[in-house]
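Novice: First the structure, then my questions, so here it is.
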Amino acid sequence: GSTKELIESCCGAGQQWAIDNGECTEIPVSGTDGDICRIAQKQCCVSTVKENSCLAGMIAAKEGDVCGPEESNPCGGSPYKQCCDCCNLGLRLRSEGKTCESNINLGYPCSHVMLSCCEGGDHFIHPEIRRHPEPLPTVTPEKVSETEDHNEALSIGNEAELSNNLPGDDLDECLIYGGELCQHLCINTVGSYKCSCFPEFTLQDDGTSCSPDPDRGPVTRLEAEATIPPAASPSQPILIVSLQEEQDKCKDNGLCKHICNVVEGNVVCSCLSGYTIMADGISCEDLDECLTGAHACSRGQLCVNTLGSFYCVNHRVICAEGFVLNRHRKCDRDTDINECVTDMHTCQRREHCVNTVGSFKCLQELSCQPGYELKDGECVDIDECEQGTHSCKVNFVCQNTEGSFYCESKQRCMDGFLQDPEGNCVDVNECTSLPEPCKPGFSCINTVGSYTCQRNTLTCSRGYHSNEEGTRCIDVDECQTGVHRCGEGQICHNLPGAYRCDCKLGYQYDAFSRSCMDINECWNYPGRLCQHTCENTPGSYHCTCSSGFRLSYDGKHCEDVNECDTSPCSQECANVYGSYQCYCRQGFQLAEDGHSCKDIDECTQSAGILCTFRCMNVPGSYQCACPEQGYTMAANGRTCRGNEE
């Protein structure tokens, strides 16, 4: 057939393989079909596996199970966790009573999973449409001719408007209209649909009906009963239509939708396995094995009903990521999926996919810099010296460096020189190669093989000079350095950039002589500075006192001196203000010097008046004496009295 028909048939085979096996790594491909069938089978199989995993995630979310840990790669997460998380969003909206609306920014399939769980649907809502009521017979879709260029998949009345369509999205007619389009199997295609028949049946020219193969033998009553599925128990109404016994009673399958049999002259309609006869006795409807419990799924597995059959998937995840479900419906840990070959990896551009057991890893494709080479996914240095790819000359030795090399001369240069690639000794400019060759305030001057530091020239104004670093001008203290011109008796005061000469205390500046002259304070302030006498001194004055006085502690007033404290008199001293006076005791008189006392001779001065007999002078007084015999001194000490016998 045509490429389009080949794609459709191979896609259907891939979908069926996914349902039967739960993996897409061992799909048998006919050698005659080439890459077209292989690609179609693989893509449709992978899409079905992802849809089943997504459905399992939705059911897990509705049952309150944990969706699993966060994916390490947010761009390539598993459909199970993605649909589980998105379903939780819809359930949250539903619990809060919010309006269920699809959010296109969430992308496919998250926005539609959220909408389905929010609306309370039991099955996955495909992105193309929402649920719609069964179409009226007048608007039953017609199959679009495959030769005509139509953009729509169905031809329906204008009244049947489908909401929530996305531009360019395909409508799954088989899902929307159930078993009304085809007698046996409906296969959705891009922009249309295609009918197919069960084994030993042939699709008729109308593209929808199926008739038994001509070489198919007659079906007996027992065979007809064997074709009835177990769920179609005798309680199910099976209509036996009485017709005329003619050879063509079951021609073109008669009125039966699936299998037509003549039993005891009557036409008996039966259904294929997975279907049950309807009340009209002619039509067949799908038997939901998951609902009736007729499935063979084990505990921990999820039963998913399909048209005419069912399949089992693990409740949590179909298989651990990186492993596949084998024919025994178990995850085979011994068979690793090569995600790099099956294009199931998530490596980006400029990344290289490397398969690992149960997973894969992405290595960045490195483009190494010159001087490096790629080894084991890393850039390593190339040893040009060892490989002989250097360009050193005869008199040089190759020395490898990280990412390059250099040529070292066999003869070394003196200090201050470096050897260039040609072997010449070139002076090293220390001024540019060293971080701080000179101290602050000095300039570096390169010389051959060395360098010198020269103090920076700094011009300062008068009264200033440069600091030790030569970076700024500071004031010159002329007074401290002694370079001032202040005269004798003047005091030097430093000023910024200059100095000033001031006269000392007690001096004043004389403009004529341009010198400091002494101030005579005694003349300027007569009688105001000293109590007694003012004596001028250079730069000051001095107070003195008269004899008998001494200068007090204030240096201005005079106080009396008690000369008697120094015993200036030989006998008695009397202090007077400013002087003193000497006195003598009785019997003495003051001598001419005014200090000493001399004895008075009372006997001489009295001329015999003091004593009756004899007067004898003693220091400071006198004594009277009587004759030695016959007289005694009277009581008054002056008169002699004769003795009486």
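The values are calculated or read from the model by the stated rules, or taken from the named source; none is laboratory data. Note that this is a predicted model, so its numbers are computed, not measured. A quick note on method: Cβ atoms are made from the backbone with ideal geometry, for glycine too, and the neighbour counts reach across all protein chains shown. With ligands, DNA and RNA removed, areas are computed over all heavy atoms of the protein, side chains included. Shrake-Rupley method; radii C 1.70, N 1.55, O 1.52, S 1.80 Å.
Novice: Tell me, yes or no, whether the range 374-386 has at least one residue that is surrounded by 14 or more Cβ atoms within 10 Å (Cβ to Cβ) and assigned to a strand (DSSP E or B). Walk me through it before giving the result.
Specialist: From the range 374-386, those surrounded by 14 or more Cβ atoms within 10 Å (Cβ to Cβ) are 379, 381-385; that's our starting set.
This time we only want the ones that are assigned to a strand (DSSP E or B), so: 379, 381.
Scanning the range 374-386 turns up at least one residue that is surrounded by 14 or more Cβ atoms within 10 Å (Cβ to Cβ) and assigned to a strand (DSSP E or B).
Novice: Filtering the range 404-420 down to residues that are open to solvent by less than 70 Å² (accessible area, probe 1.4 Å) and modelled with pLDDT under 90, which residue is farthest from Gly449 (Cα to Cα)? Before you say what the answer is, go through the steps one by one.
Specialist: If we filter the range 404-420 for residues that are open to solvent by less than 70 Å² (accessible area, probe 1.4 Å), which is where we start, we get 404-405, 407-409, 413, 416-417, 419-420.
Within this subset, residues satisfying the condition of being modelled with pLDDT under 90 are 407-409, 413, 416-417, 419-420.
Working: Cys407: 21, Glu408: 19, Ser409: 18, Cys413: 10, Gly416: 4, Phe417: 6, Gln419: 13, Asp420: 15 Å.
Checked the range 404-420; the qualifying residue farthest from Gly449 (Cα to Cα) is Cys407.
Novice: Just wondering, is there one or more residues in the range 545-564 that are outside any loop (DSSP other than H, G, I, E, B) and of a type in the set (S, T, N, Q)? Give the steps one after another, and end with the answer.
Specialist: Kept after step one, since they are outside any loop (DSSP other than H, G, I, E, B), are these residues of the range 545-564: 549-551, 558-560, 563-564.
Remaining after also requiring of a type in the set (S, T, N, Q): none.
No: the range 545-564 contains no residue that is outside any loop (DSSP other than H, G, I, E, B) and of a type in the set (S, T, N, Q).
Novice: So if I check each of Ser540, Ser567, Ser513, Ser552, which one is of a type in the set (Ser, Thr, Tyr) and open to solvent by less than 40 Å² (accessible area, probe 1.4 Å)? Steps first, answer last, please.
Specialist: Numbers: Ser540 fails: open to solvent by less than 40 Å² (accessible area, probe 1.4 Å); Ser567 fails: open to solvent by less than 40 Å² (accessible area, probe 1.4 Å); Ser513 fails: open to solvent by less than 40 Å² (accessible area, probe 1.4 Å).
Checking each option against the conditions leaves just Ser552.
Novice: Hey, another quick one. Can you pull out the residues in the range 337-373 that are farther than 30 Å from Ser409 by Cβ, open to solvent by 70 Å² or more (accessible area, probe 1.4 Å) and either of a type in the set (S, T, N, Q) or touching a Phe, Trp or Tyr at 6+ places or on another chain (Cβ under 7 Å) (or both)?
Specialist: Result: Gln348, Gln364, Ser367.
Novice: Name the single residue, out of those in the range 387-403 being of a type in the set (Val, Ile, Thr) and assigned to a loop (DSSP other than H, G, I, E, B), that is most open to solvent (accessible area, probe 1.4 Å). Working first, answer last.
Specialist: Start the filter on the range 387-403 by keeping residues that are of a type in the set (Val, Ile, Thr), which leaves 389, 394, 397, 401.
Now narrow it down to the ones that are assigned to a loop (DSSP other than H, G, I, E, B): 389, 394.
Values: Thr389: 85, Val394: 124 Å².
Looking at the filtered set, the residue picked out is Val394.
Novice: Tell me which residues, restricted to the range 281-305, are polar (S, T, N, Q) and either open to solvent by 30 Å² or more (accessible area, probe 1.4 Å) or at pLDDT below 85 (or both). Working first, answer last.
Specialist: Let us first name the residues in the range 281-305 that are polar (S, T, N, Q), namely 283, 292, 298, 301, 305.
Matches in the range 281-305: Thr292, Ser298, Gln301, Asn305.
Novice: Additional query: If you go through the range 1-27, how many residues are within 20 Å of Val313 (Cβ to Cβ) and in a loop (DSSP other than H, G, I, E, B)?
Specialist: 6
Novice: Pairs please, first residue from the range 541-559 and more than 22 Å from Leu505 (Cα to Cα), second anywhere and among the β-branched types (Val, Ile, Thr), Cβ atoms under 8 Å, 6+ apart in sequence or on different chains.
Specialist: Final answer for the pair search is Cys545/Thr533; Ser546/Thr533; Gly548/Val561; Phe549/Val561; Arg550/Val561; Leu551/Thr544.
Novice: Are any of the residues in the range 592-609 surrounded by fewer than 13 Cβ atoms within 10 Å (Cβ to Cβ) and in contact (Cβ under 8 Å) with a residue 24 or more places away in the chain?
Specialist: So far as the range 592-609 goes, no, none of its residues is surrounded by fewer than 13 Cβ atoms within 10 Å (Cβ to Cβ) and in contact (Cβ under 8 Å) with a residue 24 or more places away in the chain.
Here is a yes/no grid of residues against (1) touching a Leu at 6+ places or on another chain (Cβ under 8 Å); (2) at pLDDT below 85; (3) assigned by the TED database to the domain that holds Cys340; (4) closer than 25 Å to Glu339 by Cα:
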| residue | (1), (2), (3), (4) |
| --- | --- |
| Val354 | yes, yes, yes, yes |
| Gly358 | no, yes, yes, yes |
| Gly377 | yes, yes, no, yes |
| Asp383 | no, no, no, no |
| Lys393 | no, yes, no, no |
| Phe396 | no, yes, no, no |
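Here's the yes/no breakdown for (1) closer than 30 Å to Cys573 by Cβ; (2) touching a strand residue (DSSP E or B) at 6+ places or on another chain (Cβ under 9 Å); (3) not β-branched (Val, Ile, Thr):
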| position | (1), (2), (3) |
| --- | --- |
| Ser596 | yes, yes, yes |
| Ala607 | no, no, yes |
| Cys615 | no, yes, yes |
| Arg638 | no, yes, yes |
| Asn643 | no, yes, yes |
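Novice: Restricting to the range 522-534, name every residue that is surrounded by 15 or more Cβ atoms within 10 Å (Cβ to Cβ) and at pLDDT below 90. Let's see the steps before the verdict.
Specialist: Step one: filter the range 522-534 for residues surrounded by 15 or more Cβ atoms within 10 Å (Cβ to Cβ), giving 522, 529-531, 534.
Result: Leu529, Gln531.
Novice: Select from the range 344-373 the residues that are part of a loop (DSSP other than H, G, I, E, B) and among the hydrophobic types (A, V, I, L, M, F, W, C) and write down the one among them that is farthest from Asn424 (Cα to Cα). Talk me through it step by step, then tell me what you get.
Specialist: Step one: list which residues in the range 344-373 are part of a loop (DSSP other than H, G, I, E, B), which gives 344-350, 357-358, 365-371.
Subsequent filtering for residues that are among the hydrophobic types (A, V, I, L, M, F, W, C) retains 344, 347, 357, 366, 368.
Working: Met344: 62, Cys347: 53, Val357: 60, Leu366: 39, Cys368: 33 Å.
Filtering first and then ranking leaves Met344.
Novice: What about Thr537, is it over 60 Å from the mean Cα position of the chain (by Cα) and either modelled with pLDDT under 90 or β-branched (Val, Ile, Thr) (or both)?
Specialist: Numbers: over 60 Å from the mean Cα position of the chain (by Cα): yes; either modelled with pLDDT under 90 or β-branched (Val, Ile, Thr) (or both): yes.
Yes: the conditions hold for Thr537.
Novice: Do you know which of the residues in the range 28-67 that are part of a loop (DSSP other than H, G, I, E, B) and at pLDDT below 75 is surrounded by the most Cβ atoms within 10 Å (Cβ to Cβ)? Please lay out each step first, then the result.
Specialist: Applying the first criterion (part of a loop (DSSP other than H, G, I, E, B)) to the range 28-67 yields 28-33, 63-67.
From what's left, at pLDDT below 75: 28-33.
Numbers: Pro28: 7, Val29: 18, Ser30: 11, Gly31: 6, Thr32: 6, Asp33: 14.
The qualifying residue surrounded by the most Cβ atoms within 10 Å (Cβ to Cβ) is Val29.
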